[in-house]
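The values are calculated or read from the model by the stated rules, or taken from the named source; none is laboratory data. Just so it is clear, the model here is predicted, and its values are computed rather than measured. Don't worry about glycine lacking a Cβ; one is built from the backbone with ideal geometry, like all the others, and counts go over all protein chains shown. Note: accessible area is taken over every heavy atom of the protein model, side chains too, but ligands, DNA and RNA are not part of it. Shrake-Rupley method; radii C 1.70, N 1.55, O 1.52, S 1.80 Å.
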Amino acid sequence: MKVALFIPCYVDAFFPEVGIATLELLERFGCDVDYPLDQTCCGQPMANSGCHDDARDTEALFARNFAGYEHIVTPSGSCAHHVRDQMTAIEQTPAVQAVRRNTRELVEFLHDVLGVREFPWAE
């Protein structure tokens with residue numbers, strides 16, 4: 001299964017090992033993982049502070065980076081929530097709506113999409 005990996009700005013800056021572990025976990029479950037190199041942020045920090053005009057370009061970049069992927073996975077529940085429920089500073093084209101609909105938090109993706117019920121290698 002092909003998935004796009006979104007590593008949020010704060011994870012990239014403060015906890016890069018989480019991004020690496022997420023990639024390794026997805027690959028361990030047989031996913032073919034793409035990492036769009038131009039990704040930066042989902043726009044949540046600006047939107048949360050009411051700066052929707054400032055969030056517009058960041059949200060547009062996010063939508064461009066992840067357009068066309070059936071599965072977009074992130075190790076951040078708050079970023080997944082922002083994309084799905086709050087990413088409204090940009091025009092809601094069919095492509096943007098698909099990106100919003102296809103974004104999942106990591107555990108949600110593992111459980112709901114891949115059907116993971118156990119980690120056979122874990123002790």
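Ranking Ala21, Pro75, Ala122 by how far each Cα lies toward the positive end of the dipole of the chain (charges on Cβ) leaves Pro75 at the top. In segment 43-95, the alpha-carbon atoms span a convex hull of 74 Å³ per residue.
Between Asp34 and Val3, Ala4, Leu5, the built amide H atoms are under 5 Å apart, and every one of these is 5 or more places off in sequence or on another chain. Packing here is the average count of other Cβ atoms within 10 Å per residue, and on that basis the peptides 81-93, 58-70, 17-29, 107-119, highest first, run 58-70, 81-93, 17-29, 107-119. Distances between placed amide hydrogens fall under 5 Å for Ser76 paired with Leu106, all partners being 5 or more residues away or on another chain. Accessible surface area normalised per residue over the chain is 56 Å², counting heavy atoms of protein chains with a 1.4 Å rolling probe. What the Cα atoms of segment 1-60 give is an Rg and a Dmax of 13.5, 40 Å.
Here the Karplus relation 6.51 cos²θ - 1.76 cosθ + 1.60, evaluated at θ = phi - 60°, turns the backbone of segment 50-67 into coupling constants of x, 8, 5, 5, 6, 6, 4, 5, 5, 5, 5, 5, 4, 4, 5, 4, 10, 4 Hz, with x for every Gly and Pro.
Helical content alone sets the calculated 222 nm signal of the chain at -12000 deg cm²/dmol, taking -39,500 (n - 2.57) per DSSP H segment of four or more residues and averaging over every residue. Enclosing the Cα atoms of segment 69-109 in their convex hull gives a volume equal to 55 cubic angstrom per residue. Along segment 25-30 the Karplus relation, 6.51 cos²θ - 1.76 cosθ + 1.60 evaluated at θ = phi - 60°, assigns HN-Hα couplings of 5, 4, 5, 4, 8, x Hz to successive residues, with x for each Gly and Pro.
The calculated Kirkwood hydrodynamic radius for the chain is 14.7 Å, given to one decimal from all distinct C-alpha pairs.
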